[in-house]
Amino acid sequence: MYRRIFVIDSTDDVKSSVIQELSHLDFHEQRLTKHTRNDFIEFDPCIRGDCAYFFTNATILNQVDLHTNGKSQQSLIKDQLENYLTDGIHLILFIANNDNLNTTAYTNFSFMVSTFCDGKVPAICVTNGYENKMKSKYLRNYSEFVLDVNYGRERSKAIKDLWKAIESNSLKPSTEPNCANQLNKKHNINTEEKSTLKIANGSCARPIDSMCQNKEKDKPCDNFANEWKYTVVPGLFNEANTDLANLMRRCEEYKSCDYLYNCVLLTTGSLNPVHRSHIKNLELVKKHLERNSPRWNVLVGYLSPTHDLYVRGKLGKATIPGCDRCDLCELAIREHERETTASHWLSVSRAESEYHHGFVDCGPTTEALRQYINSALVGSDRLFRNPIYVVYVCGLDHFNKCPDVRRLAREKYIKCAVIYRKQCDERHISTFDESSNIIYVPLEGERKDLIDISSTEIRRCWENSSYDITQFTYASVADRLKSMNFHFR
């Protein structure tokens, strides 16, 4: 079960830290990076009891007046809101401050509650002080929902009380779509929850520790489609951008419909351009999983180039357009299969690169692929009887600098495979064993012959015409770049 909490932070100068305290995520740091201009940013779920809480950053509503019709940005935002409403909004959390309230945000908040949600989704207004002024000036219609949050004392108690308000006032999860529209019940904050929240400076304990382990993590699920009906990233994966036919064919070859240990591999990133190590890493993980106990059936592997918005932010004019990066990956796979006579088990997913909401990070992408595959293929009346795991594949360098990989490995039916890379510190990875769902492939017998390949080096060599880049990538990739007359400058 999950609940989506829509967060509108109307404070323009990023003073409030309520969401950071609630979810133990750096909400405002991510807000300031602004990965996408017109995107509602999703965060890793915060597990509390038997429910996952997804905080959706709707701060974009500070900048767009939803009452204005006919403008492309307004239309895009409204379309995104409609998608979320269909998928389910369980609570709207409005953060306000009398000193610097963004009135556009407040107008949009009122519009969402009364018009978009037809008054059926509860709302909590969190004020950073000035409770009475805010009620009289702006929040008269929502006075029963106002919680006052001051930077005084008892910070951890205040967060605990706010969690209690969220749990008791958000719509209860439903097994049917559109749950936020189907319920007419009015939720009122009780007297205890309405008491003023006084928050002291300093850190508070992590709201919950249960997210670290899921006791039911490896329990087979016969009704997976219902369990994961709601996707983390609505509309990311579909039949048009991610082929399942090869996965189904490979299942028939393996005769693995009832097998407990079926998985698919996923690697993401810029792939700007794809190189030999991207594909070799998938092959190495496949070999490792199929040779160790328990023996896994690696059905397929997906290369998923990320969205142009992320790549442009990192590489600027050196960005190969997403559609071309996907084409280059397909060329590389075909050439790899010709060179090695390998069976056709690798595919390209265009989901990330084509996603109309913009950049999606590796964690939500992996979770969304897990949900897409299992909801489509797993169940008593479907091809697979047991859940299909998704194994996220990355290099040791990425693992060392990205704590999200460790969080991702705690998710149900997900594992993370980490490949050794030259000159990367192994001290941290050595503290994990496979019971943590982090699988280390140390390449101990192959380190002497390893050639460290990076897309950065390929781009540098490409601009120096005297270098042959086919030692790093595939001839078909080089030929396509030549035909495009592409320059990484």
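What follows is calculated from the coordinates using simple rules that are stated; it is not laboratory data. Everything quoted here is computed from the prediction, not taken from an experiment. Reconstructed Cβ throughout: ideal geometry from the backbone, glycine too, with neighbour counts over all protein chains shown.
Between L265 and residues 5 or more places away or on another chain, which pairs have amide H atoms under 5 Å apart, with H built 1.01 Å from N, and which residues are they?
Sorted by chain and number, the residues that satisfy this are V300, G301, Y302, V391.
Counting Lys and Arg as +1 and Asp and Glu as -1, each charge on the Cβ, what is the dipole of the range 376-459 about the Cα centre in debye, to the nearest 20?
My answer is approximately 300 debye.
Please list, in order along the range 383-388, the HN-Hα scalar couplings obtained from phi with the Karplus expression 6.51 cos²θ - 1.76 cosθ + 1.60 (θ = phi - 60°), rounded to whole Hz, x for Gly and Pro.
Here the 3J(HN,Hα) series is 5, 9, 9, 10, x, 9 Hz.
In terms of modelled amide H atoms, which long-range or inter-chain residues lie less than 5 Å from the amide H of A123?
Amide H neighbours of A123: I92.
Using a cut-off of 12 Å between beta-carbons, work out the net charge of the residues near L266 (Lys and Arg +1, Asp and Glu -1, L266 not included). Show your work: numbers first, answer last.
Details: positive: R370, K415; negative: E352, E367.
Result for the local shell: 0.
Over all distinct alpha-carbon pairs, what is the Kirkwood Rh of the range 224-484 in angstrom?
18.9 Å
Expressed as a whole number of Å, what is the distance separating the alpha-carbon centroids of the range 450-468 and the range 332-378?
Cα centroid of the range 332-378 versus Cα centroid of the range 450-468: 26 Å apart.
Order by neighbour count: H90, H428, fewest other Cβ atoms within 10 Å first, most last. Kindly include the intermediate steps, with their values, before the conclusion.
Details: H90 24, H428 12.
Ascending Cβ contact count within 10 Å gives the list H428, H90.
Against the globular-protein guess of 2.2 N^0.38 Å, express the Cα radius of gyration of the range 332-489 as a ratio, rounded to two decimals.
Against the empirical 2.2 N^0.38 Å value, I get 1.24 for the range 332-489.
Would you mind estimating how fast the range 321-420 diffuses translationally, via Stokes-Einstein at 25 °C and 0.890 mPa s with the Kirkwood radius over Cα pairs, in µm²/s?
Taking Rh from Cα pairs, D becomes 157 µm²/s.
Counting Lys +1, Arg +1, Asp -1, Glu -1, what net charge surrounds R480 among other residues with beta carbon under 9 Å of its beta carbon?
Local net charge: -2.
Could you line up M112, M484 from fewest to most neighbouring Cβ atoms inside 10 Å?
Sorted ascending by nearby Cβ count, the order is M484, M112.
Let me know the Rg and Dmax you get for the range 245-290 when you use only its Cα atoms, in Å.
13.1, 39
Are there GluC sites (Glu not before Pro) in the range 395-455 that DSSP puts in a loop and that have at most 11 other Cβ atoms within 10 Å, and which ones?
E444, E446
Just to confirm a number: summing +1 for Lys and Arg and -1 for Asp and Glu over residues other than D468 whose beta-carbon lies under 14 angstrom from that of D468, what do you get?
That sum, taken over residues with Cβ under 14 Å, equals 0.
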